[in-house]
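Reading through the structure tokens given below for one structure.
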Amino acid sequence: MAKMTVIYKIPKDSASFEQHYFDIHIPLAKQLPGLLKYEINDGPIVSPTAHIAYRIANLYFESYQVMMDAFQSEIGKKCAADRKLMAGDEEVQIYVYDSITT
């Protein structure tokens, strides 16, 4: 299984961020080809290493290649452009990786 983890920093305007995120970005992202599951945090995020995060999303795909293909699709390109409207590169960290169950 492949996974994308997106960590958003605290936005300047949390009300606008939340409205855009829930009304536009999530519905768009849920159209990604091959997306198996989209999950976000519910409530505060606590970091024992003092990192600050506002919202964390995990997107699951069958494989790394399926995920890469999804983000090369028209919907994937729209998701990337929309994310930049909502949170610029300095306001977000994105990690993509294969995962294993141990």
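The values are calculated or read from the model by the stated rules, or taken from the named source; none is laboratory data. Bear in mind that the values here come from a model prediction, so they are computed numbers and not experimental data. All Cβ positions, even for glycine, are placed from backbone atoms using ideal geometry, and neighbour counts span all protein chains on display. Note: areas computed on protein heavy atoms with side chains; ligands, DNA, RNA excluded. Shrake-Rupley method; radii C 1.70, N 1.55, O 1.52, S 1.80 Å.
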Consider only pairs whose beta carbons are under 6 Å apart and that are at least six residues apart or on different chains; among these, list those whose first residue lies in the range 23-50 and is free of Cβ contacts under 8 Å to residues at least 40 places away in the same chain and whose second residue is open to solvent by 50 Å² or more (accessible area, probe 1.4 Å) and of a type in the set (D, E, K, R). Tyr38/Lys30
Being free of Cβ contacts under 8 Å to residues at least 24 places away in the same chain and either assigned to a strand (DSSP E or B) or loosely packed, with under 13 Cβ neighbours inside 10 Å (or both) is the filter here, so list the residues in the range 1-18 that pass it. Lys12, Asp13, Ala15, Ser16
Whether any residue in the range 63-71 is touching a Lys or Arg at 6+ places or on another chain (Cβ under 6 Å), assigned to a loop (DSSP other than H, G, I, E, B) and open to solvent by less than 100 Å² (accessible area, probe 1.4 Å) is what I want to check. no
For the structure I just gave you, tell me whether Ile45 is assigned to a loop (DSSP other than H, G, I, E, B), open to solvent by less than 90 Å² (accessible area, probe 1.4 Å) and closer than 20 Å to His25 by Cβ. yes
Can you find even one residue in the range 82-89 that is on the phi > 0 side of the Ramachandran plot, assigned to a loop (DSSP other than H, G, I, E, B), without any contact (Cβ under 8 Å) to a residue 40 or more places away in the chain and of a type outside the set (Phe, Trp, Tyr)? no
